[in-house]
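Readers should treat all values here as calculations from the given coordinates under stated rules, not as data from a laboratory. Because the structure is a prediction, the values reported are computed rather than measured. For neighbour counting, all protein chains shown are included, and Cβ atoms are generated from backbone atoms with ideal geometry for every residue, glycine included.
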Amino acid sequence: MKNIPTFNEALQKLISSPSISSTQESWDQGNKDVINLLSSWFESLGFSITMQKVPNTRNKYNMLAKLGSGEGGLLLAGHSDTVPFDENRWASNPLSIVEKDNKFFGLGTCDMKGFFAFVLQACSGLHAKQLTKPLYVLATADEETTMAGARFFAQTQDIKPDVAIIGEPTSLVPVVMHKGHMSHKITVEGESGHSSKPSLGVNAIEIMYQILGALLALKEKLAQRYTNSAFDVSAPTLNLGAIRGGDNANRICGHCELDLDMRSLPGMTDDELITCLTDMLKPLAEKYPGRITVQELHPSSPSFEQKSPSDLIDTAEQLSGHTCCAVNYATEAPFIQQLGCQTIVMGPGSIDQAHQPNEFLAFSEIDKTNALLINMINKYCIEAS
């Protein structure tokens, strides 16, 4: 085994290799440097490596590392990208590890490059001949935007692990449910004109005002119709995120746009939510023919649920010491679940630190995470029959 860094060295190299995902092209970066680092390290440990260019992205790649042979086994998965950052709000360089107050500070320490540094250490003493079932490590691209890497992997890979753990920051609490996410743009095309003669134009803001009323009514209807007490926000949500329209006080507004997102509960389908949205807007679309359009901003992410009984749930609760829970944010879990494996989300670090200035990973996570990963590998790859 050569070229295997220590945990601190691996974390430093991963954090100092920027791999920002953003819908804004000026911020968006490739992830090949991170993928090359991971590939070289896991190859040195005896893993076979497959790199996969993700279509319709800006130079993004997935990496699958495999140790051992046969069917089933364990998949440890995570994303290689980070969100953008505002350097002025950081107390240190986001792209360099700073050790202070028993914490590692840096962009991606908990969300979620740090997970790969843990996995690397947990695998450092393994040999393929020890394994009765294979161990896989997956690093994906663009989780922070379109989840393109996980979508493509689920469509194209033929691996069928028994279980999968996605190492998002959950403070090592096993997550077995999360909401889905979809975002849409509603556009109103009015007819501009001089404000002194309103009858000669069609004010897009006035139409949007009526749309806002319909959406708020839909928000209330969803909250009354659907609920799941496993979530701290027990209903599906509808958020009015951004609005743009008009150009001057003395002109009739000819164009207005609204961006919104909806987050569904497990058991709700995308089609169900879209039907609710279009039904609520139908009377206004008929009132203003040809002026209202709805389009998807990003591909939707489905909701996720790992149903019980599940050996993975039982094992995760036993090894972590935590009871499984549900969360409101979305992950790659529903795409990994398409491989046909029991799937949970569980990793070091707190979601409260994700996407925040001065993101950190506490030293107190190290021993617990190492022990958990080693025990999972033992159960599903070494002791498994």
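Label positions at Glu99 and Asp259, each projected 7 Å from the Cα along the C-beta direction, are separated by 4.0 nm. Which one of Ala330, Ser19, Ile159 is farthest out on the positive end of the charge dipole of the chain, using unit charges on Cβ (Lys, Arg +1; Asp, Glu -1) and the Cα centre as origin? About the Cα centre, the residue reaching furthest to the positive side is Ile159. For the pair His298 and Ser16, the difference between a 0.36 nm per residue extended length and the Cα-Cα distance amounts to 98.6 nm.
How big is the shadow of the Cα convex hull of segment 226-385, averaged over all directions, in nm²?
Numbers: hull surface 57.9 nm².
Reported value for the Cα convex hull: 14.5 nm².
Highest mean first, how do 360-370, 86-96 rank when packing is the count of other Cβ atoms within 10 Å averaged over residues?
Details: 360-370: 17.9, 86-96: 13.1.
Result, highest mean first: 360-370, 86-96.
Distance from the alpha carbon centroid of segment 173-198 to that of segment 350-377 works out to 36 angstrom. Of the residues Leu372, Leu212, the one with the fewest other Cβ atoms within 10 Å heads the list, and the complete ranking is Leu212, Leu372. As a rough guide to protection, the peptides 376-385, 131-140 ranked by mean Cβ packing within 10 Å, highest first, stand as 131-140, 376-385.
Tell me, Kirkwood radius of segment 1-92 from alpha-carbon pair distances, in Å? Averaging 1/r across every pair of different Cα atoms and inverting gives 14.9 Å. Between Glu286 and Ser310, full extension at 0.36 nm per residue minus the direct alpha carbon distance yields a gain of 3.7 nm.
Let me check I've understood the local charge: for His184, count other residues with C-beta under 12 angstrom from its C-beta, Lys and Arg +1, Asp and Glu -1. What total comes out?
Values: positive: Lys185; negative: Glu257, Asp259, Asp261, Asp270, Glu296.
Taking every Cβ under 12 Å from that of His184, the sum is -4.
Taking other residues whose beta carbon is less than 12 angstrom from the beta carbon of Glu257, and scoring Lys, Arg as +1 and Asp, Glu as -1, yields 0.
How big is the Cα convex hull of the chain in projection, averaged over all directions, in nm²?
On the way: hull surface 83.4 nm².
Dividing the Cα hull surface by four gives the mean projection, 20.8 nm².
With each label modelled as a point 7 angstrom along the Cα→C-beta vector, the Lys160-Asp232 pair spans 4.0 nm. The share of alpha-carbon pairs in segment 102-176 lying farther apart than 19 Å comes to 50%.
Could you give the length gained by full extension between Gln338 and Thr275, i.e. 0.36 nm per residue of separation minus their alpha carbon distance, to one decimal place? Please report the intermediate quantities before stating the final value.
Numbers: separation 63, 0.36 × 63 = 22.68 nm, distance 2.46 nm.
Length gained between Gln338 and Thr275: 20.2 nm.
Pair-distance distribution P(r) for segment 181-301, from all Cα-Cα distances in 5 Å bins starting at 0: 2, 11, 20, 21, 17, 12, 8, 5, 3, 1, 0 percent. For the chain, DSSP calls about 70 percent of its internal beta bridges antiparallel.
Amide hydrogen proximity for Leu75: with H placed 1.01 Å from N in the peptide plane, the residues at 5 or more positions away or on another chain lying under 5 Å are Tyr136, Val163, Ala164, Ile165.
Estimated from the Cβ-Cβ distance and a Förster radius of 25 angstrom, the FRET efficiency linking Glu189 and Ala223 is about 0.20. Mean residue ellipticity at 222 nm, helices only, the chain: -9000 deg cm²/dmol; runs of at least 4 DSSP H residues each add -39,500 (n - 2.57), and the sum is divided by the number of residues.
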